[in-house]
Structures are given as structure tokens and as C-alpha cells.
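The values are calculated or read from the model by the stated rules, or taken from the named source; none is laboratory data. Since the structure is predicted, the reported quantities are computational estimates derived from the model, not experimental observations. Cβ placement follows ideal geometry from the backbone for every residue including glycine, while neighbour counts extend to all protein chains displayed.
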Amino acid sequence: MKIGFIGLGHMGAPMALNLIKAGHALSVFDLSADAMRTLADAGATLAGSPKAAATGAEWVITMLPAAAHVRAVLSGEDGVLAGVSKGVTIIDSSTIDPASAKAFAALAQANGNRFADAPVSGGTGGAVAGTLTFMVGGTAELYESVKPVLSGMGKNIVHCGETGTGQVAKLCNNLVLGVTMAGVAEAMALGEALGIDAKVLGGIMNTSTGRCWSSDTYNPFPGVIETAPSSRGYTGGFGTDLMLKDLGLATDAAKQARQPAYMGALAQQLYQAMSSHGDGKLDFSAIIKLYRHEGGEKG
């Protein structure tokens, strides 16, 4: 299939590479020249704008940092909607708020296009391995039509419901992730302060009731899980500022629904403290630095 792909960041680039490996023809656009070169070396056609990437495409996929970027890429003068043919489906895998997803679906519909919100879970490792989970919002018919495209990048393609529910699922999942990481970090730091070996404590937690993804796969204490970002200086993972953004989206959505989010609000403040200390680009598991008194310099 001919696919226009816009957004080649830490997640988008490996996702696009997997589509090429699956045999699809990609026209790609990103503001990063390095990212564009990587995709060109893999066989993608480089486009000079989102409009150019979408022109002639049978599918368009966007993977962008925030709703403002999605809006600009869709509706700008050189945006996707200015170049895409009528009837082409647009799949947005960014993590944004549900209301924006619905608004973008309306924009696409007015242009003669279908729009699916399909945020992902699985991190950069899942993006590289092609094992992502896609949470799809849209009609059942739309869901069935996008599955063959998404299967080139993920192994678990889930229909969440109507437009916007993909984003609901993603925000709720990341709310749990942010809270559990803070809890594991607090426990690991406490264990260190009380004198137990971190690997021993981690092993006990991971075979006991405290076990969770934040402890057994992504443990924030260096050396407990050798493949975790904590064992490589908190690099190459899911950035603190991105977690802070997602928690902000979740707590904002909770306010709109008049639904309490006590733990989410506290976790948001913890990650905000990390970001204000200069650690926003580190993997979010670096939250343990707040407990081990290792915060960076503000600036």
C-alpha cells in the first residue's frame, strides 16, 4: 500500500521502518533531517511537507507530540487535508485528548476522509520490535479496515469503541503507568535507605503482590533490570516530559468528566518536580531520583 507517514520521532521512525519491512511504499515527512535520512536509507520517499506526503497516498498515518501539532499537520496550508484524496483514511497514533480526536475526525469528515484515533502502548522497544498495542477509536467498519495497516507495526489491535475512545484507553493506561512507577520508585528507594540490596528487593517484589510492569520490566533502580533505561542512565525510553504531558491530559479529562483522579494529580506533581529540576528529557523511571535526592540542576 502507498502510505503517507508524518512524524518520525522515537516512536514514529521505527513504526515507519516496520511498514517498509512489511512491503509498503512510504512517503514520509518530519522536521528532523536526520530522521528523514534514516527513512530514505530504508527506501522511503522523502516529502517536503505533510501535504506532499499525503498526496497520492492510500493511507495517511500521523505520529506527533501533541494535539496542536496534529491540528497543524492536518489543517495547515501545506497540511494533510490539502493534499489527501477523498476517501483516504487518516490514522492518528499520537497521544492527545479525546475531545481533540473527535474534532479532528470532524475535520477529516468534512474533507471527505475517515479518521481513526489509534494511540499506541509498548514503548520504543515495542515500536522497534513491531509488537505495539494499538487502541483504535472509530466505527467497527473503520476498525476492520485499518487492522491490516496497523498489523505491520503492532501485534495487538484493539477496538475501543467510538471516535476518541482510543485516546481514553491510552490516557487511562498511562495514568496507571505513571502512578505505579512512582510507587515502585518510592518502595525501591525506601528499601535502599533501610539497607536491603536492591536486586534482592526487586526480585522479591517481582514474585510477590507488588509485581507490575514498572517493577519487573522497567524497574527504576539501576541494575535491577539490565535492559531497563535505569541501567543505561535513564536514556532511550519514554521521556519524563511526555509522561507529564499524558498525566496532564488524563487529569484534564477527569476534570471535564467531574471524576476524581487523586493519585493521577499527585503523580503529575511529582513528574512536574522532575521536569522543573531539569530532568524532563530523562526516562520517566528517573522519578526515583526525587527519592534518592539526585535531582538535576534547574535550567
Among the candidates 107, 74, residue that is touching a Leu at 6+ places or on another chain (Cβ under 8 Å) and buried (at least 24 other Cβ atoms within 10 Å of the Cβ):
74
Candidate set from segment 55-70 (those that are in contact (Cβ under 8 Å) with a residue 40 or more places away in the chain and hydrophobic (A, V, I, L, M, F, W, C)); member that is surrounded by the fewest Cβ atoms within 10 Å (Cβ to Cβ)
66
Checked segment 90-146 for anything in a loop (DSSP other than H, G, I, E, B) and among the hydrophobic types (A, V, I, L, M, F, W, C); matches are 96, 118
Scan 88, 70 and give me the residue that is assigned by TED's automatic domain parsing to the domain that holds residue 23, closer than 11 Å to residue 6 by Cβ and not small (Gly, Ala, Ser).
70
The one condition in (1) within 26 Å of residue 69 (Cβ to Cβ); (2) assigned by TED's automatic domain parsing to the domain that holds residue 196; (3) at pLDDT below 95 that residue 227 fails to fulfil
(1)
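Results for (1) touching an Asp or Glu at 6+ places or on another chain (Cβ under 9 Å); (2) in a helix (DSSP H, G or I); (3) buried (at least 18 other Cβ atoms within 10 Å of the Cβ), shown as yes or no for each residue.
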| residue | (1), (2), (3) |
| --- | --- |
| 17 | no, yes, yes |
| 28 | no, no, yes |
| 34 | no, yes, no |
| 39 | yes, yes, yes |
| 48 | yes, no, no |
| 53 | no, yes, yes |
Exactly one of these conditions fails for residue 231: (1) among the small types (Gly, Ala, Ser); (2) touching a Gly at 6+ places or on another chain (Cβ under 7 Å); (3) surrounded by 20 or more Cβ atoms within 10 Å (Cβ to Cβ). Give me its number.
(3)
